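In what follows, a single structure is set out as structure tokens and then discussed.
The values are calculated or read from the model by the stated rules, or taken from the named source; none is laboratory data. Since the model is a prediction, treat every value here as computed from it, not as a measurement. Methodologically, a virtual Cβ is constructed for each residue, glycine included, from the backbone with ideal geometry; neighbour enumeration extends over all protein chains shown. Ligands, DNA and RNA are stripped out before the accessible areas are found, and what is left, the full protein with its side chains, is counted by its heavy atoms. Shrake-Rupley method; radii C 1.70, N 1.55, O 1.52, S 1.80 Å.
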Amino acid sequence: MNTVTQNSAAETEASPRRSLKRVAAAAAVGNFVEWFDSAAYAVMSVTIAKLFFPDYSTTASLLAVWAIFAGGFIARPLGGAFFGRYGDRIGRNKMLGLCVLIMSAATFCIGILPTFAVIGVWAPILLFVFRAVQGFTTGGEYTGSSAFIVEYAPEGKRATYASIIPATVGLASVAGALLGVAITSTLSTADLQAWGWRIPFLLAAPLGLIGLYIRSKVDDTPVFRGLENKGEVAKRPLGDAIRMCSRQIFTLFGYSITNAIAYYLMSSYMIAYMTSSLGYSSAESMLTSVITMLVYTAVCPLAARLSDRHGRKKMLLVACVGFVVMTIPAFSIMPLGLGFAILGTSVLGALVAVIGTSNVPALVEMFPSSVRASGSAIGYTLAYVLFGGTAPFVATGLVAGFGTPLAPAFYLMGMALVSAVVVVLFFRETKNLSLSRTTVL
């Protein structure tokens, strides 16, 4: 009898662990698809520039490629509004299933897109359209998956469990960069331009189907089910979020701008920057990117545990001050040799992990449950559309305009100072707040 009881207790204890693993997989898979594509776009940016803007100079074609990359972010606020409302009214999980399906389809379409030599000006136009569709789904994906996993996480471990979101971003970027290294090192320039650049984008189709399957096997969050049972699901969550949570939206926007700029400088921009501005080879630039993203991924769970222990505000402030103090030194040592370049970018990667692992639980915790998906999507996506997606374009323009490779560092440092002020003046600690509350902090 005792043996039966013990076995039953063990099964009961193991069941939540199995459930949380499924939840983590469901939350992570869409992010992997999304950021794998971003890494692929960054790795193939020079090739894409030649194929879609062949009549421009190297700098002008890269600016055009990054402009299209930024253009994909224009649709993010629309996607955030649409999917945020969808997540607050219909459910977090259904929203995420739709996100991964549309996202993978748009990425696959980029992989089969004819180039400028085949269809002329329609090639960059269609590239922009598919990037916009990706941006539309991304508007709901990151904040939606953050809400999904945080609402499932045990008390006191929200940041630890939520760190799977930024960590998955790092793993996807590493996978994209490694695939880029493999493709560029094994294919001739002719083969790379003919078909090799398409491979990372074509992989989105099977990855998306896998993501859709995993997400279909997980129930919606206990918090959303509680709203349904109590009849408290918001009828107009988007309008309610804007009306009730303007301070929270502003605060999230204010510190997310540093998260956005730093991440896209570290990941999407750095490969092209090291190649065109610092004179490193493509292989050296990609190697630096891989190591940096591995550092970022490794720091994520460590920084998340500190966030659960010391709170979101302290860790957000540590990250912002860190960018103010360390960005110029990090960029200054990058031209001194490959080892210094890796060290400089790794410093940035570690700081991005610190701010990102507190941002994920904070953007969920600061909003009431009934408008959580809508409110967080507005503040987060606005920061990324105005500052994240434009970061590579702005950085490239600053280097060309001011004639110094340190120009992006001054830009990041200045915005980090703004974010630090926002955190000090407006952010209220959220780590101990109830996720089921329907009242505004």
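The listed residues are Arg131, Arg85, Arg89, and the only one of them that is in contact with a Ser or Thr (Cβ under 7 Å, 6 or more places away or on another chain) and charged (D, E, K, R) turns out to be Arg85. Every condition in (1) open to solvent by 50 Å² or more (accessible area, probe 1.4 Å); (2) at pLDDT below 90 holds for Met286 except the one numbered (1). Within the set of pairs 6 or more residues apart or between chains, which connect a residue that is in contact (Cβ under 8 Å) with a residue 24 or more places away in the chain inside segment 400-421 to a residue that is among the hydroxyl-bearing types (Ser, Thr, Tyr) and open to solvent by 60 Å² or more (accessible area, probe 1.4 Å) with Cβ atoms less than 9 Å apart? Here the result reads Ala400/Thr59, each pair linking segment 400-421 to a residue that is among the hydroxyl-bearing types (Ser, Thr, Tyr) and open to solvent by 60 Å² or more (accessible area, probe 1.4 Å).
The single residue among Thr297, Thr221 that is hydroxyl-bearing (Ser, Thr, Tyr) and open to solvent by less than 10 Å² (accessible area, probe 1.4 Å) turns out to be Thr221. The single condition among (1) within 22 Å of Ala26 (Cβ to Cβ); (2) buried (at least 16 other Cβ atoms within 10 Å of the Cβ) that Glu228 does not meet is (2).
If you check every pair at least six apart or on different chains, which have Cβ atoms under 8 Å apart with a residue in segment 209-233 that is without any contact (Cβ under 8 Å) to a residue 24 or more places away in the chain first and a residue that is open to solvent by 90 Å² or more (accessible area, probe 1.4 Å) and among the acidic types (Asp, Glu) second? Every condition considered, the pairs that remain are Arg225/Asp219.
Given the criterion on the phi < 0 side of the Ramachandran plot, modelled with pLDDT under 85, of a type in the set (A, V, I, L, M) and assigned to a helix (DSSP H, G or I), identify the matching residue among Leu212, Leu171. From the options Leu212, Leu171, the qualifying one is Leu212. Scanning segment 174-209 for residues that are open to solvent by 10 Å² or more (accessible area, probe 1.4 Å), more than 19 Å from Ile112 (Cβ to Cβ) and assigned to a helix (DSSP H, G or I) yields a total of 10. Regarding Val129, is this residue without any contact (Cβ under 8 Å) to a residue 24 or more places away in the chain and either in a helix (DSSP H, G or I) or buried (at least 24 other Cβ atoms within 10 Å of the Cβ) (or both)? Yes, satisfied.
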